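A short reminder: the numbers here are calculations on the coordinates, not readings from a lab. None of the values given here were measured: they were computed from a predicted structure. Ideal geometry is used to build each Cβ from the backbone, glycine not excepted, and the neighbour counts take in all protein chains shown.
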Amino acid sequence: MPDERTERRRGFDLAARLQTRERRGLRRDLRPVESVEPRTRAAPDPGGGVPAFDAEGSDELRVFAANDYLGLAGDDRLADAAADAATDVGVGAGASRLVSGDTVAHRRLERALADAKGAERALAFSSGYAANVGTIAALDPDVVFSDELNHASIVDGCRLSDADVEIYDHCDGDALRAAMARRAHDSATDESWLVVTDSVFSMDGDVAPLDDVCAAAERHGAWVMVDEAHATGVYPGGVVGERGLEDRVQVQLGTLSKALGAQGGFVAGSETLVEHLVNAARSFVFSTGLAPPAAAAAREGLRIARETDRRDRLHRNAASLRDGLTERGFEVLGETHVLPVLVGDRADAVALADALRSRDVLAPAIRPPTVPADACRIRVAPTATHDEAALDACLDAFESAGREVGLP
């Protein structure tokens, strides 16, 4: 039998791991907020306790850090839809949808998603992360061609699939074509190939060259999968729909927890694709179904996104902030509603984020491992519900905070 000292050696020294993160400036903590709104109070991390919003440090902040792009997460219409579903269907699905958790709330949502995405059918998952890892693994490709800046859930899906993974340079259609040509030269012709990319990249604010991606895939008979997490609800039919590529992208994936203001993820595509995922996507088969109130709220969020001017308001706010930040000397990456303000050094980015917070603007520093060590940034995310006063306050905060820390 192993003695006590051996057992201790075989355990996990998590305190040491946390200390290492602390020394490297990579340790993070939770900062609870009181509500999901453009303005909210925040409290210090209470650890395992309940946050106290009347405590020191819980001043009200303007939130420019959420993915709630259309400002729907706190919308009364979504709350009413969720409450009605909770009353009519139940608070939780109660089981996997293959057992007894498949409800009318799920089916109504999926019909609306399929219509929005120009697809035969859609399938709701408990999260966008679950949709990615489950779908890629269920497709079981021999080779995945993956953009180098794809989301961590795509990376983990590739790992779970046990495919050969070819990483191509970010948003570079030529690099993708070259990688596919090399693989075609060196491999058997009966391999199954999958090209996977985000549409809008959440840390760079740019958009994948989907026409090039589709053309490269079609040349080799590969399938294309596009993760529209940060485009769902923001563009009509996502970027895929906006560019009329529904017939060229076999797998359209998105989330319900960002612009649609609810919770969950989905895949849209052919009837056969969805039937296969129902049977083979482990994150769907072996997981309790999405909560019916979340499904109903997401459906209402999708309706509002399609039938109101919130998209236009979001894009106007993003353009106003981009112009204002640029005029003040900051370098803003990308071309979308996501505004990454490039800083570079990690310590400078953290200092700028802290200075913004002291001016009641919440826009955290993004640092390794999310971005490279020399490309730290502040990720600014306006919403459709930010008014002109909020935008001006954000710009004023950046200007004075930048002077305080010596940036830009």
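Taking the Cα centre of the chain as origin and assigning +1 to Lys and Arg Cβ atoms and -1 to Asp and Glu Cβ atoms, the resulting dipole is close to 800 debye.
Dimensions of region 101-208 from C-alpha coordinates, computed as largest minus smallest value along each principal axis and given longest first, are 49, 33, 24 Å. Here is the P(r) of region 76-307: all C-alpha pair distances, binned every 5 Å from 0, give 1, 7, 16, 19, 20, 15, 10, 6, 3, 1, 1, 0 in whole percents. Rounded to the nearest whole Hz, the Karplus-based 3J(HN,Hα) values (6.51 cos²θ - 1.76 cosθ + 1.60, θ = phi - 60°) of region 220-233 follow the sequence 10, x, 8, 8, 10, 10, 10, 8, 9, 3, 9, 10, 4, x, with x at glycine and proline. Considering only beta bridges that DSSP places wholly inside the chain, some 55 percent are antiparallel.
Secondary structure note: in region 76-307, about 40% of the DSSP beta bridges are antiparallel. Once the convex hull of all Cα atoms in the chain is built, its volume per residue stands at 185 Å³. Summing Lys and Arg as +1 and Asp and Glu as -1 over all other residues whose Cβ lies under 11 Å from the Cβ of Ser187 gives a net charge of -4.
Farthest towards the positive end of the charge dipole of region 264-404, among the residues Ala297, Val332, Ala397, is the Cα of Ala297, using unit charges on the Cβ of Lys, Arg, Asp and Glu. When the charge dipole of region 1-145 is built from unit charges on Cβ atoms (+1 for Lys and Arg, -1 for Asp and Glu) and taken about the Cα centre, the candidate among Leu30, Leu123, Thr87 whose Cα reaches farthest toward its positive end is Leu30.
Each of the peptides 281-288, 292-299, 67-74 was scored by the mean count of other Cβ atoms within 10 Å over its residues; in descending order, highest first, they stand as 292-299, 67-74, 281-288.
Just add up the charged neighbours of Thr370: K/R +1, D/E -1, any other residue whose Cβ is under 10 Å from the Cβ of Thr370. Working shown, then result.
Values: positive: Arg367, Arg377, Arg379; negative: none.
Here the charged neighbours net out to +3.
Ellipticity at 222 nm from helices only: DSSP H runs of n ≥ 4 in the chain, each -39500 (n - 2.57), divided by the residue count, give -13000 deg cm²/dmol.
For region 343-392, taking the reciprocal of the average inverse distance between every pair of different Cα atoms yields a Kirkwood hydrodynamic radius of 11.6 Å.
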